[in-house]
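The values are calculated or read from the model by the stated rules, or taken from the named source; none is laboratory data. Small disclaimer: the values here were computed from a predicted structure and weren't measured. Ideal geometry is used to build each Cβ from the backbone, glycine not excepted, and the neighbour counts take in all protein chains shown. To get the accessible areas, we keep the full protein, side chains included, count just its heavy atoms, and leave off ligands, DNA and RNA. Shrake-Rupley method; radii C 1.70, N 1.55, O 1.52, S 1.80 Å.
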Amino acid sequence: IVAIDDEAVREAGAFPLPRERLARLVDAIAAAGPRAVALDLLLIDPGPPEADAALRRALERSRAVIAAAGLFARRERAGADLPEARQTVWPIRAFAEVSGIGLVNIAADAAGTPRHVPLLVEAEGRLLPAFPLRAAAAAAGAEAEIAADRVTVGTVTSLTDLGLNLPLRFYGPRGTIRTLGAASVLRDGSADLAGRIVVVGATAIGTGDTFATPFDPVLPGVEVLATAIGHLTTGDGLRRTEAHRRIDAAATLILPVLTVLAIGLRRVGIGLVVL
């Protein structure tokens, strides 16, 4: 991760970063030779023409992936359906023409903890890929192959939950995925980025989205997306297929029945062991 952190915002004097400075950052990352550059930034408004032109050139040179976002209605759908966005927020055409685009939406549970990343979303009469899926495919140099319950990126296959949702298994607290400050990359560059997938996102106080996870109550959203990219490129995510759900349901029904039967055994010791 290359983080637009407090230091980067302080040096730039503004947030979002000025387009010219963001163009320099993308060029500095690309110069290190990463496998892919993914910007978790919604570039939805035009800036100064010269600065937008500089960023367009930087994105084109780096073959970057940039972010879009879907807006969803508050209604329930069948579990096996793909999520359907009622509206999509797109980057401006100047950037969309030279970059891959993926949706940065994350599915959280009722407590706000991210649990899944929807890999495909229905919107505007077509299927749109997730930001992590586009980034992983860009790094592999191949299109993703999608089946009903799995996705293959390059040589790595990941099993998916219902509705082509990728289950998240967090690696640890904030910073577990190596994170460099954008300001230091601009000043000094970084050979550490060579051969890696680089995700650029905001972590400065008050600028980025954060989520509560089992390891950290304020994990930056960019690290959640980087976790999903890690799963798709290594295959180390959770397995939550339809078969696993059936096993869960069977255990939920059978174990209480066995517990009641065990309590009813004549020899209490045996009953307790079985229980």
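The table below gives the values:
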item: Out of VAL151, VAL98, sole residue that is touching a residue at least 12 places away in the same chain (Cβ under 8 Å), on the phi < 0 side of the Ramachandran plot and assigned to a strand (DSSP E or B); result: VAL151
item: Qualifying residue in region 122-131 (condition: open to solvent by less than 10 Å² (accessible area, probe 1.4 Å), hydrophobic (A, V, I, L, M, F, W, C), in a helix (DSSP H, G or I) and modelled with pLDDT of 95 or more); result: yes
item: Single condition ARG134 does not satisfy, out of (1) buried (at least 21 other Cβ atoms within 10 Å of the Cβ); (2) of a type outside the set (A, V, I, L, M); (3) closer than 27 Å to ALA14 by Cβ; result: (3)
item: Number of the exception - GLY172 against (1) surrounded by 14 or more Cβ atoms within 10 Å (Cβ to Cβ); (2) assigned to a loop (DSSP other than H, G, I, E, B); (3) touching a helix residue (DSSP H, G or I) at 6+ places or on another chain (Cβ under 8 Å); result: (3)
item: Test: residue in region 19-38 that is of a type outside the set (Val, Ile, Thr), modelled with pLDDT of 95 or more and assigned to a strand (DSSP E or B); result: yes
item: Candidate set from region 190-209 (those that are part of a loop (DSSP other than H, G, I, E, B), among the small types (Gly, Ala, Ser) and in contact with a strand residue (DSSP E or B) (Cβ under 8 Å, 6 or more places away or on another chain)); member that is nearest to ALA12 (Cα to Cα); result: ALA204
item: Candidate set from region 243-260 (those that are open to solvent by less than 90 Å² (accessible area, probe 1.4 Å) and of a type outside the set (A, V, I, L, M)); member that is modelled with the lowest pLDDT; result: THR259
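To keep it simple, each residue is scored yes or no on (1) surrounded by fewer than 17 Cβ atoms within 10 Å (Cβ to Cβ); (2) touching a helix residue (DSSP H, G or I) at 6+ places or on another chain (Cβ under 8 Å).
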position: GLY195; (1), (2): yes, no
position: VAL200; (1), (2): no, yes
position: GLY208; (1), (2): no, yes
position: PRO217; (1), (2): yes, no
position: GLY235; (1), (2): yes, no
position: THR241; (1), (2): yes, no
position: ALA262; (1), (2): yes, yes
